[in-house]
2 protein chains.
Amino acid sequence: MALGKDYATQECSIARALEIVGERWTLLVIRDALYGVRRYNDFLVHLGIPRAVLAARLQALTAEGILEKRRYQQSPPRDEYVPTERGIALWPTLRSLGRWGREQFDQEQVRVFRHAACGTELGSYGECPACGTIVPVPDVVMEPGPGADPDPADPVSRALLRPKRLLTPLEPDPV
Amino acid sequence: MALGKDYATQECSIARALEIVGERWTLLVIRDALYGVRRYNDFLVHLGIPRAVLAARLQALTAEGILEKRRYQQSPPRDEYVPTERGIALWPTLRSLGRWGREQFDQEQVRVFRHAACGTELGSYGECPACGTIVPVPDVVMEPGPGADPDPADPVSRALLRPKRLLTPLEPDPV
DNA sequence: CGACGTGGGTTCAATGAACGAACTGACCGT
DNA sequence: ACGGTCAGTTCGTTCATTGAACCCACGTCG
């Protein structure tokens, strides 16, 4: 979508946004990145995305300044992908999209998001109803809700079952 | 995406939502519907979407209960597509996506949204900063911003230049 | 030393979706 | 009878996605 045909006639910021994050898988990659997934292989197993598509998306997102590619060890060379400010700014969009999906189609909540400072569950737009403020993304705690699978197959899903702050990297499975 | 391959491994309401509105063009069709576009031909000229794709999207959105197909004249039989509650519930998502696109990539505002009651421009999540409430979608007025093309080619874009409430149908060009 | 494993990719053939142009069909006005 | 509008469907071509296979640099185990 970003390549080749685009939403040519649209002079609209929604269309512009969709040219960048509207392709298949892209928003799910960003969601995972906000949840703390950082490595190629973790995205791969958690999303079930084809390798070639993942490589293309990570490259495109890096080029757009939504993720940043960072070398975290020299030998063997290993990179991780972390959300930039621009990527973090998508949190309210993802939050409201997820909320729409759950309210309209799912019953059970798979993940619950709370304000770390006071434990209150976030409202529709990422605000804290108790404090009356928009909660900065690093101050959001994610924990499994009643609809979560208690024993998922892949290690990334298992790591995401432990309550953690958004953006903090995944801890490996301590079995 | 809705048909065939889906985001199988994801037990996540964001993934569920994207299975429904994540296909190319879908969110733009819903955006136009919220702006007051209702007829096949108006979507066609305003979006520049291939006819076959538009027909498929309208059918899918109707099947998902996001748009409702309504006969508005008997002879010749003509239908219009209007957003349901479920479709209207996507407004905060579209609003925050558009805001992200403009803040991160565009400078100029193409469209401005105000609270009809007080004229205040809406905040990021569709709330009225003056009144402190979430503005119901029918009470939002849309008008062209500084970045809007003052003399667009297609009649639908021209009709959208006149300030109007969301959801109200397009008035034809009075030239 | 050589075999195997791991992380992070690239290549390739087959399939599916999107594109645009042409066609259909019901109706209206002249 | 003729042309025009609206709302599609059909169809051949192009483009994107998929899944499987392959690659390579390194680290580790025996």
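Would you be able to say whether some residue in the stretch B:31-38 is more than 13 Å from chain A (Cβ to nearest Cβ), within 16 Å of DNA strand C (Cβ to nearest atom) and at pLDDT 95 or above? Even if it seems obvious, please write down each step before you answer.
Going residue by residue through the stretch B:31-38, those that are more than 13 Å from chain A (Cβ to nearest Cβ) are B:36, B:38.
Remaining after also requiring within 16 Å of DNA strand C (Cβ to nearest atom): none.
No, the stretch B:31-38 has no match at all.
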The stretch A:57-79, residues that are under 17 Å from the mean Cα position of the chain (by Cα) and either within 9 Å of DNA strand D (Cβ to nearest atom) or open to solvent by 50 Å² or more (accessible area, probe 1.4 Å) (or both): A:R57, A:Q59, A:E64, A:E68, A:K69
Residues satisfying the stated conditions in the stretch A:102-129, i.e. away from chain B (no Cβ under 14 Å) and under 24 Å from B:I134 (Cα atoms): A:R114, A:H115, A:C118, A:G119, A:T120, A:E121
Residue under evaluation B:D151, criteria (1) open to solvent by less than 40 Å² (accessible area, probe 1.4 Å); (2) more than 10 Å from every other protein chain (Cβ to nearest Cβ); (3) charged (D, E, K, R), criterion not met: (1)
Residue match in the stretch B:20-29 (condition: modelled with pLDDT of 95 or more, assigned to a helix (DSSP H, G or I) and away from DNA strand C (no atom under 16 Å from the Cβ)): no
Residue within the stretch B:87-98 that is more than 9 Å from chain A (Cβ to nearest Cβ) and either aliphatic (A, V, I, L, M) or within 12 Å of DNA strand D (Cβ to nearest atom) (or both) present: yes
Yes/no for B:V140 being under 21 Å from B:V29 (Cβ atoms), at the interface with chain A (Cβ under 10 Å from one of its Cβ atoms) and within 15 Å of the chain's Cα centre (by Cα): no
Inter-residue pairs, beta-carbon under 7 Å, first farther than 18 Å from A:G22 by Cα and in the stretch A:44-55, second among the basic types (K, R), 6+ apart: A:L44/A:R51
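Yes or no: B:P92 buried (at least 20 other Cβ atoms within 10 Å of the Cβ) and more than 17 Å from A:E11 (Cα to Cα)?
Details: buried (at least 20 other Cβ atoms within 10 Å of the Cβ): yes; more than 17 Å from A:E11 (Cα to Cα): yes.
Answer is yes for this residue.
The values are calculated or read from the model by the stated rules, or taken from the named source; none is laboratory data. The model shown is predicted, which means the values in this text are computed figures rather than measured ones. Note that we place each Cβ from the backbone using ideal geometry, even for glycine, and neighbour counts take in every protein chain shown. Keep in mind that these areas ignore ligands, DNA and RNA; they rest on the heavy atoms of the full protein, side chains included. Shrake-Rupley method; radii C 1.70, N 1.55, O 1.52, S 1.80 Å.
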